[in-house]
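Participant: Handing you this structure, nothing more for now.
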Amino acid sequence: MNPNRSPVLAIVQQHCEEAAFCWLRRQDGLWSPVYRREHLARVDQLLDAHLEGLRVAGAAAAPLVLESLQRWKTADEAFASTYVLLHSRDEAGLAQLEAQLQASPELARGAAAALLWAQPDEALPLLQRWWTSRVPALRRAAVPAAMRHPRVKRDTVVLDGVEEADASLRARVFRAVGEWRLAQHRERLLDGLEDTVPLCRFEAAYALSLLGDAAGAARLGAGLEQLEGSTLRRAILAWAVAAPSENFAAIFNQLAKVGAWHRELIWALAWRGDPAGLLQLSQWLQVPEYARLAAYAICHITGADMEADELWLQDPPQPHKRVPEREDDEAEHAHDQHDHDADEDDDEHDEDAGLLPPDVPRLRQWLQMNAGRFLAGQRYLAGLPLANALAADTAEFSLPQLWQLALLRTLRGESGPLCELAQPRW
């Protein structure tokens with residue numbers, strides 16, 4: 001490529017938009033029941049191709065990504081903006097990005113991901129700048145890459161971070177202690193169990209559970225109602241896998257009284273893997289709103305193949321779709337979908353996309369016929385006792401099943417950092 005030739009801005013704009021969209025697609029895919037590792041790898045390859053285009057475009061991409069960030073103020077645009085600016089060294093643009101992150105701290109997760117997608121030496125200057133900043137959102141964005149960087153002392157990050165006044169930063173550091181298995185900071189996690197902020201208490205309990213601490217595992221279900229988003233999904237996984245039986249049953253029964261929690265409880269039963277939960281899942285199969293996810297949960301535990309065993313409806317009723325009320329609503333609705341803002345009139349759930357609609361009578365019959373395969377007191381994944389699943393070929397496992405295996409291995413002290421599962425591979 002001729003370095004003296006000006007980049008074609010229309011192509012650079014496309015790289016900007018597609019990089020943001022692919023990262024958002026990847027984030028959604030991390031917990032998707034229809035994604036396997038190969039699907040995530042394909043998204044990663046496509047994302048990296050667009051990031052390569054942005055690296056080649058250099059400074060020409062900066063005003064384009066910043067314009068999108070200013071317009072939409074979303075984590076995916078923060079991802080694209082951070083990636084471009086850590087390569088272009090545009091000081092004015094960087095200041096604009098930092099101002100936006102300070103004004104909207106929830107965008108820090110996109111900025112943090114961009115630091116992870118850069119090569120360590122490329123990310124280091126911005127990582128150091130943000131960690132030494134006094135802006136909590138910037139320090140929060142620096143934590144994941146700092147913990148991974150070979151030239152950063154993890155103990156220093158932890159000791160600084162747990163003393164921060166900002167709760168989101170404290171919580172992120174607590175989480176990192178567990179994911180990187182830094183047992184020397186156990187006492188700080190025990191202190192974190194008494195933090196005044198629910199998120200901090202959860203992350204301290206989560207980290208302790210990863211270190212094999214029973215006290216932490218027993219606290220995982222406390223305050224689930226105060227969590228949201230991917231943190232809630234991760235909390236449900238950890239609670240379902242690690243909580244003592246009486247604790248799990250008590251909190252499950254309490255939350256089951258709240259209809260809004262039924263979908264999360266379906267996930268909990270899938271990850272728990274207890275055959276006793278199949279009866280409750282069979283009942284939720286009969287509720288149209290939960291049928292697809294409940295069918296997936298049954299397959300997650302039992303290894304049933306809905307397509308091969310013809311357990312699905314080939315001509316299901318079509319859901320109602322909202323019709324835009326005016327022409328310019330279509331363009332706005334397109335970006336709302338891109339940003340995954342929930343539409344109050346849309347009855348579908350993102351996690352149901354791609355799941356086969358179950359033939360409820362046939363799937364319930366299959367459960368009855370195969371009930372003898374699953375022993376009380378044993379826990380299962382993909383039709384295998386957990387001990388066997390840990391040694392199985394996981395090529396056909398869904399990403400939620402892989403998260404479960406990764407957590408189990410971490411709890412057994414048999415794997416590296418749990419956070420590595422979702423990290424990009426260079």
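Participant: Are there any pairs with C-beta distances below 7 angstrom linking a residue in the range 23-34 that is closer than 15 Å to Gln401 by Cα to a residue that is open to solvent by 10 Å² or more (accessible area, probe 1.4 Å) and among the aromatic types (Phe, Trp, Tyr), with the two at least 6 apart or on different chains, and if so which?
Facilitator: Gly29/Tyr35; Pro33/Tyr296
Participant: Return the total of residues in the range 403-417 being open to solvent by 10 Å² or more (accessible area, probe 1.4 Å) and either assigned to a helix (DSSP H, G or I) or in contact (Cβ under 8 Å) with a residue 40 or more places away in the chain (or both).
Facilitator: In the first step, residues of the range 403-417 are kept if they are open to solvent by 10 Å² or more (accessible area, probe 1.4 Å); the result is 403, 406, 408-409, 411-417.
Still in the list and also either assigned to a helix (DSSP H, G or I) or in contact (Cβ under 8 Å) with a residue 40 or more places away in the chain (or both): 403, 406, 408-409, 411, 413, 417.
Number of matching residues: 7.
Participant: Which residue out of Ser209, Ser230 is among the small types (Gly, Ala, Ser) and under 20 Å from Gly416 (Cβ atoms)?
Facilitator: Being among the small types (Gly, Ala, Ser) and under 20 Å from Gly416 (Cβ atoms) holds for just one of Ser209, Ser230, which is Ser209.
Participant: Is the range 221-240 home to any residue that is of a type in the set (Val, Ile, Thr) and under 17 Å from Ala294 (Cα atoms)?
Facilitator: Taking the range 221-240 as the starting set, the residues that turn out to be of a type in the set (Val, Ile, Thr) are 231, 236.
Retained after the next criterion (residues that are under 17 Å from Ala294 (Cα atoms)): 236.
Yes, there is a match, as at least one residue in the range 221-240 is of a type in the set (Val, Ile, Thr) and under 17 Å from Ala294 (Cα atoms).
Residue-by-condition table, conditions (1) touching a Gly at 6+ places or on another chain (Cβ under 9 Å); (2) open to solvent by less than 40 Å² (accessible area, probe 1.4 Å); (3) outside any helix (DSSP H, G or I):
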{"site": "Ala113", "(1), (2), (3)": "no, yes, no"}
{"site": "Glu122", "(1), (2), (3)": "no, no, no"}
{"site": "Leu127", "(1), (2), (3)": "no, yes, no"}
{"site": "Asp160", "(1), (2), (3)": "no, no, no"}
{"site": "Ala165", "(1), (2), (3)": "no, no, yes"}
{"site": "Phe174", "(1), (2), (3)": "yes, yes, no"}
{"site": "Thr196", "(1), (2), (3)": "no, no, yes"}
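Participant: Within the range 176-189, which residues are open to solvent by 30 Å² or more (accessible area, probe 1.4 Å) and in contact with an Asp or Glu (Cβ under 9 Å, 6 or more places away or on another chain)?
Facilitator: Here is the first cut: in the range 176-189, the residues open to solvent by 30 Å² or more (accessible area, probe 1.4 Å) are 180-181, 183-184, 186-188.
Answer for the range 176-189, where residues must be open to solvent by 30 Å² or more (accessible area, probe 1.4 Å) and in contact with an Asp or Glu (Cβ under 9 Å, 6 or more places away or on another chain): Gln184, Arg186.
Participant: Moving to a separate point now. Quick one: in the range 267-289, of everything that is closer than 16 Å to Gln365 by Cα and not in a helix (DSSP H, G or I), which residue is most open to solvent (accessible area, probe 1.4 Å)?
Facilitator: This residue is Gln286.
Participant: Taking Ala61 as the residue in question, decide whether it is in contact with a helix residue (DSSP H, G or I) (Cβ under 6 Å, 6 or more places away or on another chain), under 19 Å from Ala113 (Cα atoms) and at pLDDT 95 or above.
Facilitator: On the way: in contact with a helix residue (DSSP H, G or I) (Cβ under 6 Å, 6 or more places away or on another chain): yes; under 19 Å from Ala113 (Cα atoms): yes; at pLDDT 95 or above: yes.
Against the criterion (in contact with a helix residue (DSSP H, G or I) (Cβ under 6 Å, 6 or more places away or on another chain), under 19 Å from Ala113 (Cα atoms) and at pLDDT 95 or above), Ala61 qualifies.
Participant: Restricting to the range 71-100, name every residue that is of a type in the set (A, V, I, L, M, F, W, C) and within 17 Å of Pro424 (Cβ to Cβ). Reasoning before the result, please.
Facilitator: Applying the first criterion (of a type in the set (A, V, I, L, M, F, W, C)) to the range 71-100 yields 72, 75, 78-80, 84-86, 92, 94-95, 97, 99.
Of everything in the range 71-100, those that are of a type in the set (A, V, I, L, M, F, W, C) and within 17 Å of Pro424 (Cβ to Cβ) turn out to be Ala75, Ala78, Phe79, Ala80, Val84, Leu86.
Participant: Now for a separate question. Tally the residues that are farther than 16 Å from Ala78 by Cβ, of a type in the set (D, E, K, R) and open to solvent by less than 40 Å² (accessible area, probe 1.4 Å), restricting the search to the range 16-61.
Facilitator: Residues in the range 16-61 being farther than 16 Å from Ala78 by Cβ, of a type in the set (D, E, K, R) and open to solvent by less than 40 Å² (accessible area, probe 1.4 Å): 1 in total.
Participant: Of all residues being among the small types (Gly, Ala, Ser) and under 17 Å from the mean Cα position of the chain (by Cα) in the range 198-230, which is surrounded by the most Cβ atoms within 10 Å (Cβ to Cβ)? Just the residue, please. Write out each step before concluding.
Facilitator: Step one: of the range 198-230, the residues among the small types (Gly, Ala, Ser) are 204-205, 207, 209, 212, 214-218, 221-223, 229-230.
Checking the rest, the ones that are also under 17 Å from the mean Cα position of the chain (by Cα) come to 207, 229-230.
Working: Ala207: 27, Gly229: 9, Ser230: 13.
Only one residue fits best here, namely Ala207.
Participant: Scan (1) more than 30 Å from Glu264 (Cβ to Cβ); (2) open to solvent by less than 20 Å² (accessible area, probe 1.4 Å) for the single condition Glu98 breaks and write down its number.
Facilitator: (2)
Residue by residue, here is whether (1) open to solvent by less than 10 Å² (accessible area, probe 1.4 Å); (2) in contact (Cβ under 8 Å) with a residue 24 or more places away in the chain; (3) under 14 Å from Leu367 (Cβ atoms) holds:
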residue	(1), (2), (3)
Ala240	yes, yes, no
Ala243	yes, yes, no
Phe248	no, yes, no
Ile251	no, yes, no
Arg292	no, yes, no
Thr302	yes, yes, yes
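Participant: Output the residue which, of all residues in the range 129-158 that are under 17 Å from His185 (Cα atoms) and open to solvent by 70 Å² or more (accessible area, probe 1.4 Å), is farthest from the chain's Cα centre (by Cα).
Facilitator: Out of the qualifying residues, it is Lys153.
The values are calculated or read from the model by the stated rules, or taken from the named source; none is laboratory data. Every value quoted in this text rests on a predicted model; they were computed, and no experiment measured them. Note that we place each Cβ from the backbone using ideal geometry, even for glycine, and neighbour counts take in every protein chain shown. In case anyone asks, the SASA skips ligands and DNA or RNA and just uses the protein heavy atoms, side chains included. Shrake-Rupley method; radii C 1.70, N 1.55, O 1.52, S 1.80 Å.
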